[in-house]
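Undergrad: Questions regarding the structure given below will be posed in turn.
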Amino acid sequence: MPVSTVDFDLATSLRYDPKLLTADFNTQVNGIELPYLLFAYHIDRLLAAANAFQWPYARQALTAPDAAARIRSACDDAVMRTPLDEKREGLGLRILLSSSGDLRVEAHPTRPLSRDPLFAARINPATTSPERLPQPFLAVHIDTQSTSVSLFTAHKTTQRSQYNAARARFGIVDRRSPHDVLLYNDRREVTECSVRNIAFWRGEGWVTPPARCGGLPGVVRRYLLEYGYVKEGTIKLSDVRIGEIVLLSNGWDGTILGRIVGD
(Lines give C-alpha, C1' and ligand atoms only; values in the text may rest on other atoms or scores of the structure.)
Protein backbone atom coordinates (compact mmCIF):
# COMPACT_ATOMS: atom_id res chain seq x y z
CA MET A 1 0.00 0.00 0.00
CA PRO A 2 1.17 3.60 -0.51
CA VAL A 3 3.33 5.24 2.11
CA SER A 4 0.91 7.57 3.89
CA THR A 5 3.48 9.82 5.55
CA VAL A 6 4.28 12.45 2.95
CA ASP A 7 6.38 14.90 4.95
CA PHE A 8 9.33 14.03 2.74
CA ASP A 9 10.29 14.32 -0.93
CA LEU A 10 11.94 11.92 -3.32
CA ALA A 11 15.45 13.11 -4.09
CA THR A 12 18.40 12.61 -6.36
CA SER A 13 21.69 14.50 -6.46
CA LEU A 14 23.69 15.24 -9.60
CA ARG A 15 26.65 17.33 -10.59
CA TYR A 16 26.53 20.32 -12.88
CA ASP A 17 29.91 20.91 -14.49
CA PRO A 18 30.79 22.52 -17.86
CA LYS A 19 33.57 19.91 -18.28
CA LEU A 20 30.91 17.21 -18.64
CA LEU A 21 29.90 18.64 -22.01
CA THR A 22 33.01 17.01 -23.50
CA ALA A 23 32.83 13.75 -21.51
CA ASP A 24 32.01 10.98 -23.99
CA PHE A 25 30.65 8.60 -21.35
CA ASN A 26 28.19 11.25 -20.18
CA THR A 27 26.98 11.99 -23.70
CA GLN A 28 26.56 8.27 -24.34
CA VAL A 29 24.25 7.85 -21.36
CA ASN A 30 22.27 11.05 -21.91
CA GLY A 31 22.02 10.83 -25.69
CA ILE A 32 23.03 14.49 -26.00
CA GLU A 33 25.80 16.69 -24.64
CA LEU A 34 24.77 17.89 -21.18
CA PRO A 35 26.63 19.50 -18.27
CA TYR A 36 24.77 17.17 -15.84
CA LEU A 37 26.39 13.95 -14.68
CA LEU A 38 24.41 10.89 -15.88
CA PHE A 39 21.23 12.98 -16.09
CA ALA A 40 19.11 10.23 -17.71
CA TYR A 41 19.83 7.82 -14.85
CA HIS A 42 18.46 10.31 -12.32
CA ILE A 43 15.02 10.27 -13.94
CA ASP A 44 15.06 6.46 -13.79
CA ARG A 45 16.03 6.64 -10.12
CA LEU A 46 13.22 9.01 -9.22
CA LEU A 47 10.71 6.89 -11.14
CA ALA A 48 11.79 3.74 -9.29
CA ALA A 49 11.25 5.56 -6.00
CA ALA A 50 7.84 6.90 -7.08
CA ASN A 51 6.79 3.35 -7.93
CA ALA A 52 8.14 1.96 -4.65
CA PHE A 53 6.29 4.56 -2.55
CA GLN A 54 3.20 4.27 -4.79
CA TRP A 55 2.97 7.98 -5.54
CA PRO A 56 0.86 8.25 -8.72
CA TYR A 57 1.23 12.02 -9.19
CA ALA A 58 5.01 11.82 -8.88
CA ARG A 59 4.99 8.93 -11.35
CA GLN A 60 2.92 10.97 -13.80
CA ALA A 61 5.34 13.89 -13.52
CA LEU A 62 8.22 11.60 -14.47
CA THR A 63 6.52 9.75 -17.33
CA ALA A 64 4.90 12.72 -19.11
CA PRO A 65 6.22 13.23 -22.68
CA ASP A 66 7.98 16.46 -21.69
CA ALA A 67 9.32 15.19 -18.33
CA ALA A 68 13.02 15.11 -19.23
CA ALA A 69 12.92 18.55 -20.86
CA ARG A 70 11.04 20.01 -17.90
CA ILE A 71 13.52 18.61 -15.39
CA ARG A 72 16.48 19.83 -17.46
CA SER A 73 14.89 23.28 -17.57
CA ALA A 74 14.52 23.30 -13.78
CA CYS A 75 18.18 22.35 -13.44
CA ASP A 76 19.17 25.10 -15.91
CA ASP A 77 17.18 27.64 -13.89
CA ALA A 78 18.91 26.59 -10.66
CA VAL A 79 22.31 27.00 -12.29
CA MET A 80 21.36 30.37 -13.78
CA ARG A 81 20.35 31.67 -10.34
CA THR A 82 23.80 30.84 -8.95
CA PRO A 83 26.57 33.50 -9.10
CA LEU A 84 29.12 32.86 -11.84
CA ASP A 85 32.09 32.53 -9.49
CA GLU A 86 30.26 29.79 -7.55
CA LYS A 87 29.35 27.65 -10.56
CA ARG A 88 32.50 27.96 -12.66
CA GLU A 89 34.03 24.83 -11.09
CA GLY A 90 30.76 22.94 -10.77
CA LEU A 91 27.71 22.71 -8.53
CA GLY A 92 25.88 20.01 -6.66
CA LEU A 93 22.22 19.97 -7.70
CA ARG A 94 19.47 18.31 -5.70
CA ILE A 95 16.26 17.41 -7.53
CA LEU A 96 13.28 17.08 -5.19
CA LEU A 97 9.89 15.62 -6.14
CA SER A 98 6.85 15.73 -3.85
CA SER A 99 4.02 13.22 -3.59
CA SER A 100 1.82 15.68 -5.49
CA GLY A 101 4.27 15.76 -8.40
CA ASP A 102 5.77 19.19 -7.67
CA LEU A 103 9.41 19.49 -8.70
CA ARG A 104 12.13 21.81 -7.47
CA VAL A 105 15.91 21.95 -7.80
CA GLU A 106 18.42 23.23 -5.26
CA ALA A 107 22.00 24.27 -6.10
CA HIS A 108 24.82 23.81 -3.58
CA PRO A 109 28.57 24.45 -3.68
CA THR A 110 30.68 21.33 -4.12
CA ARG A 111 34.31 20.40 -4.60
CA PRO A 112 35.79 21.05 -8.06
CA LEU A 113 36.66 18.06 -10.21
CA SER A 114 40.42 17.74 -10.56
CA ARG A 115 40.22 14.71 -12.88
CA ASP A 116 37.90 12.49 -14.92
CA PRO A 117 34.96 11.59 -12.63
CA LEU A 118 35.49 7.89 -13.44
CA PHE A 119 39.26 7.96 -12.85
CA ALA A 120 39.32 6.28 -9.45
CA ALA A 121 37.28 3.31 -10.72
CA ARG A 122 40.08 2.44 -13.14
CA ILE A 123 42.67 2.08 -10.38
CA ASN A 124 43.90 -1.26 -9.07
CA PRO A 125 45.01 -0.48 -5.51
CA ALA A 126 46.70 -3.87 -5.23
CA THR A 127 49.24 -3.06 -7.94
CA THR A 128 49.42 0.76 -7.88
CA SER A 129 52.16 2.17 -5.68
CA PRO A 130 50.80 4.34 -2.83
CA GLU A 131 52.48 7.49 -4.13
CA ARG A 132 50.63 7.15 -7.45
CA LEU A 133 47.18 6.81 -5.91
CA PRO A 134 45.12 10.03 -6.16
CA GLN A 135 45.07 11.68 -2.75
CA PRO A 136 43.97 12.84 -0.28
CA PHE A 137 41.94 9.76 0.61
CA LEU A 138 38.55 10.25 2.18
CA ALA A 139 38.56 8.88 5.74
CA VAL A 140 35.86 6.22 6.11
CA HIS A 141 34.84 5.48 9.71
CA ILE A 142 33.06 2.25 10.61
CA ASP A 143 29.73 3.01 12.26
CA THR A 144 29.20 1.84 15.81
CA GLN A 145 25.57 0.85 15.18
CA SER A 146 23.77 -1.03 12.43
CA THR A 147 21.27 0.71 10.14
CA SER A 148 18.01 -1.17 9.57
CA VAL A 149 16.89 -1.70 5.99
CA SER A 150 13.73 0.09 4.83
CA LEU A 151 12.28 1.93 1.84
CA PHE A 152 14.28 4.91 3.06
CA THR A 153 17.56 3.04 2.62
CA ALA A 154 16.48 1.52 -0.70
CA HIS A 155 15.47 4.88 -2.24
CA LYS A 156 16.87 8.37 -1.84
CA THR A 157 14.54 10.80 -0.08
CA THR A 158 14.76 13.83 2.18
CA GLN A 159 14.03 11.56 5.15
CA ARG A 160 17.66 10.97 6.10
CA SER A 161 17.53 10.53 9.86
CA GLN A 162 19.43 7.23 9.71
CA TYR A 163 22.26 8.80 7.70
CA ASN A 164 22.37 11.97 9.79
CA ALA A 165 22.57 9.89 12.97
CA ALA A 166 25.54 7.93 11.61
CA ARG A 167 27.37 11.12 10.69
CA ALA A 168 26.57 12.71 14.04
CA ARG A 169 28.22 9.80 15.84
CA PHE A 170 31.52 10.92 14.27
CA GLY A 171 30.92 14.66 14.44
CA ILE A 172 30.58 15.06 10.66
CA VAL A 173 28.50 18.13 9.88
CA ASP A 174 29.64 19.55 6.53
CA ARG A 175 28.81 17.41 3.51
CA ARG A 176 32.12 18.50 1.97
CA SER A 177 34.05 17.13 4.94
CA PRO A 178 36.79 14.62 3.94
CA HIS A 179 35.09 12.00 6.14
CA ASP A 180 32.29 9.50 5.65
CA VAL A 181 30.76 6.64 7.64
CA LEU A 182 30.56 2.99 6.59
CA LEU A 183 27.06 1.58 7.21
CA TYR A 184 25.92 -2.01 7.64
CA ASN A 185 22.59 -3.74 8.13
CA ASP A 186 21.31 -5.81 11.06
CA ARG A 187 22.95 -8.92 9.52
CA ARG A 188 26.29 -7.02 9.66
CA GLU A 189 26.51 -6.86 5.88
CA VAL A 190 28.02 -3.65 4.48
CA THR A 191 25.47 -1.52 2.62
CA GLU A 192 26.97 1.88 1.72
CA CYS A 193 28.39 5.04 3.27
CA SER A 194 26.36 7.92 4.62
CA VAL A 195 26.52 9.97 1.39
CA ARG A 196 28.28 7.61 -1.03
CA ASN A 197 28.20 4.11 -2.43
CA ILE A 198 31.24 1.98 -1.71
CA ALA A 199 33.21 -0.80 -3.38
CA PHE A 200 36.07 -2.94 -2.03
CA TRP A 201 38.96 -4.44 -3.97
CA ARG A 202 38.46 -8.19 -3.75
CA GLY A 203 40.41 -10.67 -5.87
CA GLU A 204 40.94 -8.93 -9.20
CA GLY A 205 38.34 -6.18 -9.11
CA TRP A 206 36.07 -3.80 -7.27
CA VAL A 207 33.08 -5.35 -5.48
CA THR A 208 30.09 -3.32 -4.30
CA PRO A 209 27.35 -4.54 -1.93
CA PRO A 210 24.20 -5.70 -3.78
CA ALA A 211 21.08 -3.55 -3.46
CA ARG A 212 19.33 -6.36 -1.54
CA CYS A 213 21.65 -5.63 1.41
CA GLY A 214 19.90 -2.30 1.82
CA GLY A 215 22.05 0.46 0.33
CA LEU A 216 20.89 3.18 -2.04
CA PRO A 217 21.36 2.28 -5.73
CA GLY A 218 23.32 5.37 -6.77
CA VAL A 219 23.51 6.52 -10.37
CA VAL A 220 27.32 6.40 -10.60
CA ARG A 221 27.20 2.94 -9.02
CA ARG A 222 24.73 1.94 -11.74
CA TYR A 223 27.09 3.16 -14.46
CA LEU A 224 30.05 1.35 -12.91
CA LEU A 225 28.05 -1.89 -12.78
CA GLU A 226 26.67 -1.62 -16.30
CA TYR A 227 30.06 -0.88 -17.84
CA GLY A 228 32.02 -3.47 -15.89
CA TYR A 229 34.04 -1.29 -13.54
CA VAL A 230 32.57 -3.05 -10.50
CA LYS A 231 30.54 -6.16 -9.75
CA GLU A 232 28.14 -6.98 -6.93
CA GLY A 233 29.03 -9.16 -3.98
CA THR A 234 28.16 -9.37 -0.30
CA ILE A 235 30.76 -7.78 1.98
CA LYS A 236 30.59 -8.85 5.62
CA LEU A 237 31.61 -6.27 8.16
CA SER A 238 34.06 -8.80 9.61
CA ASP A 239 35.91 -8.80 6.26
CA VAL A 240 36.53 -5.04 6.25
CA ARG A 241 40.16 -4.21 7.05
CA ILE A 242 41.41 -1.06 8.75
CA GLY A 243 43.68 0.77 6.31
CA GLU A 244 42.30 -0.74 3.11
CA ILE A 245 41.63 1.47 0.11
CA VAL A 246 37.99 1.65 -1.05
CA LEU A 247 36.20 3.11 -4.05
CA LEU A 248 33.54 5.72 -3.26
CA SER A 249 30.99 7.20 -5.63
CA ASN A 250 28.06 9.57 -5.79
CA GLY A 251 26.37 11.97 -8.18
CA TRP A 252 28.33 15.03 -7.06
CA ASP A 253 31.88 13.66 -6.86
CA GLY A 254 31.86 10.87 -9.44
CA THR A 255 34.44 8.42 -8.08
CA ILE A 256 37.08 9.01 -5.42
CA LEU A 257 39.23 6.81 -3.22
CA GLY A 258 38.85 6.41 0.50
CA ARG A 259 40.63 4.58 3.29
CA ILE A 260 39.01 2.65 6.13
CA VAL A 261 40.15 4.20 9.41
CA GLY A 262 39.99 3.02 12.98
CA ASP A 263 38.74 5.11 15.87
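The values are calculated or read from the model by the stated rules, or taken from the named source; none is laboratory data. Computed from a predicted model, the values in this text were never measured in an experiment. When we count neighbours, we look across all protein chains shown, and the Cβ atoms used for this are built from the backbone with ideal geometry, even at glycine. Calculation scope for accessible area: heavy atoms of the full protein, side chains included, ligands and nucleic acids excluded. Shrake-Rupley method; radii C 1.70, N 1.55, O 1.52, S 1.80 Å.
Undergrad: Residues with amide H under 5 Å of Thr157's amide H, sequence separation 5 or more or different chain, H placed in the peptide plane at 1.01 Å from N; which?
TA: Ala11
Undergrad: Rounded, prolate or oblate: which fits the range 1-155, taking a ≥ b ≥ c as square roots of the Cα gyration tensor eigenvalues, rounded meaning a/c under 1.5, else prolate when a/b beats b/c?
TA: Working: a/c = 1.97, a/b = 1.30, b/c = 1.52.
Oblate, because a/c is 1.5 or more while a/b does not exceed b/c.
Undergrad: So which of Lys87/Lys236; Lys87/Lys156; Lys19/Lys236 end up more than 29 Å apart, counting from Cα to Cα? List each step's numbers first, then the result.
TA: Working: Lys87/Lys236 40 Å; Lys87/Lys156 25 Å; Lys19/Lys236 38 Å.
Beyond 29 Å: Lys87/Lys236; Lys19/Lys236.
Undergrad: Oh, and also: Among the DSSP beta bridges whose two residues both lie in the chain, what percent are antiparallel, rounded to the nearest 5? Can you show the working numbers first?
TA: Working: 32 of 43 bridges.
The antiparallel proportion sits near 75 percent.
Undergrad: Per residue, how much accessible surface does the chain expose to a 1.4 Å probe? Answer in Å², no decimals.
TA: With all protein chains present, the chain gives 46 Å² per residue.
Undergrad: Would you work out the charge dipole size for the range 52-131 about its Cα centre, treating the Cβ of every Lys and Arg as +1 and the Cβ of every Asp and Glu as -1, and quote it to the nearest 20 debye?
TA: About 140 debye.
Undergrad: What shape does the range 189-263 take by its C-alpha gyration tensor, where a ≥ b ≥ c are the square roots of the eigenvalues and a/c under 1.5 counts as rounded, a/b above b/c as prolate, and the rest as oblate? It would help to have the intermediate numbers written out before the result.
TA: Working: a/c = 1.40, a/b = 1.28, b/c = 1.09.
Cα axes put the range 189-263 in the rounded bin.
Undergrad: Only four residue types carry charge here, +1 at the Cβ of Lys and Arg and -1 at the Cβ of Asp and Glu. Report the dipole size of the range 1-88 about the Cα centre in Debye, rounded to the nearest 20.
TA: Numbers: 9 positive and 11 negative charges, 10 e Å.
In debye, rounded to 20, the range 1-88 gives about 40.
Undergrad: Using just the alpha carbons, could you tell me how many Å³ per residue the convex hull of the range 103-222 encloses?
TA: It is 139 Å³ per residue.
Undergrad: Note down the relative contact order for the range 154-218 as a percent, whole number, built from C-alpha pairs under 8 angstrom at least six residues apart.
TA: Across the range 154-218, relative contact order equals 30 percent.
Undergrad: Please identify the trypsin sites (Lys or Arg not before Pro) of the range 105-158 that satisfy two criteria: DSSP loop assignment and at most 13 other Cβ atoms within 10 Å. Which are they? Mind showing how you got there, number by number?
TA: Details: sites: Arg115, Arg122, Arg132, Lys156; in loops: Arg115, Lys156.
Answer in residue order: Arg115.
Undergrad: Let me ask something else. About the Cα centre, and with charges only on the beta carbon of Lys, Arg (+1) and Asp, Glu (-1), how big is the dipole of the chain? Nearest 20 debye, please. Intermediate results must be reported in sequence, preceding the final value.
TA: On the way: 32 positive and 29 negative charges, 57 e Å.
Charge dipole of the chain: 280 debye, to the nearest 20.
Undergrad: When only DSSP loop residues count, what GluC sites (Glu not before Pro) in the range 166-210 have their Cβ near at most 11 other Cβ atoms within 10 Å? Could the numbers behind the result be given before it?
TA: Working: sites: Glu189, Glu192, Glu204; in loops: Glu204.
Within the range 166-210, the qualifying GluC sites (Glu not before Pro) (loop, at most 11 other Cβ atoms within 10 Å) are Glu204.
Undergrad: Once you have a ≥ b ≥ c as the square roots of the Cα gyration tensor eigenvalues for the chain, tell me rounded if a/c is under 1.5, and otherwise prolate or oblate according to whether a/b is larger than b/c. Intermediate results must be reported in sequence, preceding the final value.
TA: Working: a/c = 1.67, a/b = 1.24, b/c = 1.35.
Judged from the Cα gyration tensor, the chain comes out oblate (a/c at least 1.5, b/c at or above a/b).
Undergrad: For the range 144-152, what does the Karplus curve 6.51 cos²θ - 1.76 cosθ + 1.60, with θ = phi - 60°, yield as ³J(HN,Hα) per residue in whole Hz, taken in order and with x for Gly and Pro?
TA: Result, ordered by residue: 8, 9, 6, 10, 5, 7, 7, 4, 7 Hz.
Undergrad: Taking only DSSP H segments of four or more residues, each worth -39500 (n - 2.57), what value at 222 nm results for the chain once the sum is divided by all its residues, to the nearest 500 deg cm²/dmol? Show your work: numbers first, answer last.
TA: Values: 8 runs with 68 residues, N = 263.
After summing the helix terms and dividing by residue count, I get -7000 deg cm²/dmol.
Undergrad: Can you give me the % of accessible surface on the chain that is carbon or sulfur? Probe 1.4 Å, all protein chains present, nothing else counted.
TA: On the way: 6270 of 12030 Å².
Carbon plus sulfur share of accessible area: 52 percent.
Undergrad: Could you sort Thr27, Thr127 by their accessible area in this structure, using a 1.4 Å probe and putting the largest first? Walk me through the intermediate numbers first.
TA: On the way: Thr27 40, Thr127 110 Å².
Final ranking, largest accessible area leading: Thr127, Thr27.
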